[in-house]
Amino acid sequence: MGESHSFPGRVSAGIALALLASLRDVDTPSDPAALAETDLPLNLQRRLGLSSVVGDQIRRYEKRRGEAVSATEVASLFELIGRRADAGAIFSEAGRRIASEDLDGRRLAARLGVRVLPHGLRQRRAWRRVRRLARELSPRSLVRVDRKPPALVVEHGLPAHAAADGVGCAVLEGAIRRVFETYRAGAVQVLHTRCEGRDSDRCAWEISPLAEPDADSGVAESEREPLPASVEGNGASARPSAAQATSAAHDGGAPPPVDRTGAPASSRLTDPEGTTTEDPHRFQPESVAGG
C-alpha cells in the first residue's frame, strides 16, 4: 500500500485544499518569532507546510474551489502527507475541514432545523452525510452504511490505498466526528475496526457514544445550549418550575389564598365591573357528587 499508481474518477478541489491547509496549519508555530530564532532557511525546509510550493498549490486550489481535479492528483497529496510522523493528526484535521466546508454550504434553515429532530433521526441523517462524503473522497469505490452495528464500510477507498499503512483513513475519522457534532447526534468515539491499508478486504468505521443523550430531547447534557437570559434570569419573565414551587411549599412558603368555599382564589374570575364568578372550566368535585 502507498505505492504510486493511478486512481479513477475526479475529486473536489476542496478536498485537496483541506489537505494542504491542514498541513500548513500544523507546520505553523504558535509563535511566529520562533522561526527567526533558529536557522530560518533550515527551519522552513523542515516545515513543508510553509514552503512556497505548498503555498502556490493552496492558492491554485482556492481559485478552483467548486471544481474537480483528478483522483490521482489528490492521491499524491495523501501519499506525500502519509510519509510524516504526524500524518494521522494532519489527516484527521483535514477530515474535520472537509466536513465543515460541506455542512457550511447548506442552507442555514436546514442546518438549524435538523437540531429539533428526534435523536434517532439525527443519527440517520448524520450517517447519510458521512456516506456522501466518503463517496466524494473515493470515487468509483463501494460505499455503504451498515445498520447493525451502525458502520461506514468502504471498499477500494482512496485514502486507504494512497497513504502507507492506511494512515490516510484518519481523514474519514475526523469527518465522521465533525458530522456527528454538527448534527448534535451525540459525542462519539470513532473506531476504525477494519482497514484495507492493513491487509483487510474493506475499511469499516463504527462509533461508540461518549455521552448518553437526554431521555426527553435526545441531546446529551454536555451538548445542551444555554437558555436565553429572559428564561434563565430572575426577572419578571422568569417562571418558577413545578419542582421549585413544591420546594418552596415544603420550606414553609405560604399556601395560595383560598376563598370561603375553600377553592383557591386563582380559580375565581373577576369581570371588568368587579363581579367575581366561579371559573366554569375548573373541576368541581361537589357538583359531580351532587349530580
* **Selection from VAL171, SER138, LEU152, by position along the positive dipole direction of the stretch 115-188 (Cβ)** => LEU152
* **Net length gained if the chain between ALA164 and ASP25 were fully extended (0.36 nm per residue, minus Cα distance)** => 47.8 nm
* Structure fact -> Here the residues of the stretch 126-147 lying in the modelled label zone of GLU101, meaning backbone nitrogen under 13 Å from a point 7 Å along Cα-to-Cβ, are 136-137
* To do: Could you pull out every residue, at least 5 positions away or on a different chain, whose amide H is within less than 5 Å of the one on ALA151? Hs are placed 1.01 Å off N in the peptide plane, and Pro or chain starts have none.
  => ASP146
* Structure fact -> Packing-ranked peptide list from 61-74, 13-26, 162-175, 84-97, highest mean Cβ count within 10 angstrom first, is 162-175, 13-26, 84-97, 61-74
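Bear in mind these aren't lab numbers, they're just calculated from the coordinates by the rules spelled out. This one's a predicted model, so the numbers in the text were calculated from it and none came from an experiment. In this analysis, Cβ positions are derived from the backbone assuming ideal geometry, glycine residues included, and neighbour counts consider all displayed protein chains.
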